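Step one of this worksheet: look at the structure below.
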């Protein structure tokens with residue numbers, strides 16, 4: 001038996017497989033680069049923003065080391081960690097706030113969002129339900145309670161547990177809430193069309209579009225419509241109104257950015273894994289590997 005020939009043949013086969021895999025991966029990466037939409041925020045601006053939050057995080061950590069009972073410091077650092085996608089760290093700081101001041105429990109919607117992104121959906125839902133005892137007209141809080149409940153038991157079960165509202169809320173939340181209840185057959189398109197044609201000022205239109213894109217986008221994500229979700233969430237993350245808003249709206253712009261970036265990364269990874277094997281198999285017989293002599 002010619003072992004030398006067999007060894008050389010095996011090496012040649014291995015080399016050919018590696019060459020083919022590398023060429024397919026390179027081709028796949030080129031296709032992904034062409035298909036990836038422009039980022040909603042210029043990369044340089046995003047990098048500068050994240051650098052600012054990292055520096056602020058370090059500063060607040062140093063301040064907490066000197067005064068570890070200051071609720072405000074944990075609040076600010078929790079926000080920094082959220083915006084840096086450190087959801088576990090954000091959850092810890094928000095929870096610490098309640099440990100230091102029990103009265104904050106029913107007010108702390110940010111902790112509910114942190115629970116949502118750390119995958120603690122039951123705790124998330126309960127946190128939003130607690131907030132409802134503090135503010136029973138905020139349908140935005142109800143949307144988050146619903147989204148957390150969807151993660152726990154599915155859409156139909158979540159709809160049986162939706163919070164009830166009687167007092168009018170700011171636009172476009174009554175319409176969004178009705179959509180989440182299953183009362184909008186258009187899947188959110190009617191809400192967006194109504195906002196675009198409404199006789200309102202530019203700033204108010206941008207505000208309504210931001211929230212509509214954000215929550216319709218997350219709803220699409222929950223229902224497995226990833227491409228539609230990415231388009232809507234990108235529009236929310238690209239919102240100039242959202243990027244310059246302060247307080248709660250500014251916080252929600254960060255949530256839009258984070259949700260979009262995470263969903264885009266997950267979708268790209270999943271597509272890459274699905275396509276790689278398929279393309280390798282389809283090219284095995286269609287391409288000739290380099291000679292190995």
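The values are calculated or read from the model by the stated rules, or taken from the named source; none is laboratory data. Computed from a predicted model, the values in this text were never measured in an experiment. Here the Cβ positions follow ideal geometry from the backbone for every residue, glycine too, while neighbour counts run over all protein chains shown.
The figures follow:
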quantity	calculated
All positions within the range 176-222 that are under 19 Å from residue 155 (Cα atoms) and within 14 Å of the chain's Cα centre (by Cα)	214, 215, 216, 217, 218, 219, 220, 221, 222
Residue within the range 104-114 that is under 30 Å from residue 199 (Cβ atoms) and crowded, with 18+ Cβ neighbours inside 10 Å present	no
From 106, 26, residue being assigned to a helix (DSSP H, G or I) and either modelled with pLDDT under 95 or within 24 Å of the chain's Cα centre (by Cα) (or both)	26
Residue 159, sole failed condition from (1) outside the structural domain of residue 249 (by TED's automatic domain parsing); (2) assigned to a helix (DSSP H, G or I); (3) exposed (fewer than 14 other Cβ atoms within 10 Å of the Cβ)	(3)
Verdict on residue 126 being outside the structural domain of residue 64 (by TED's automatic domain parsing), within 28 Å of residue 157 (Cβ to Cβ) and over 17 Å from the mean Cα position of the chain (by Cα)	yes
Residue pairs meeting the criteria (Cβ under 6 Å; at least 6 apart or on separate chains; first without any contact (Cβ under 8 Å) to a residue 60 or more places away in the chain, in the range 133-146; second surrounded by fewer than 20 Cβ atoms within 10 Å (Cβ to Cβ) and not in a helix (DSSP H, G or I))	137/167; 137/169; 139/165; 139/169; 142/163; 145/163; 146/162
Conditions (1) farther than 28 Å from residue 39 by Cβ; (2) crowded, with 16+ Cβ neighbours inside 10 Å; (3) outside the structural domain of residue 267 (by TED's automatic domain parsing); number of the one not met by residue 175	(3)
Those residues of the range 52-87 which are under 22 Å from residue 234 (Cα atoms) and assigned to a helix (DSSP H, G or I), in sequence order	53, 79, 80, 81, 82, 83, 87
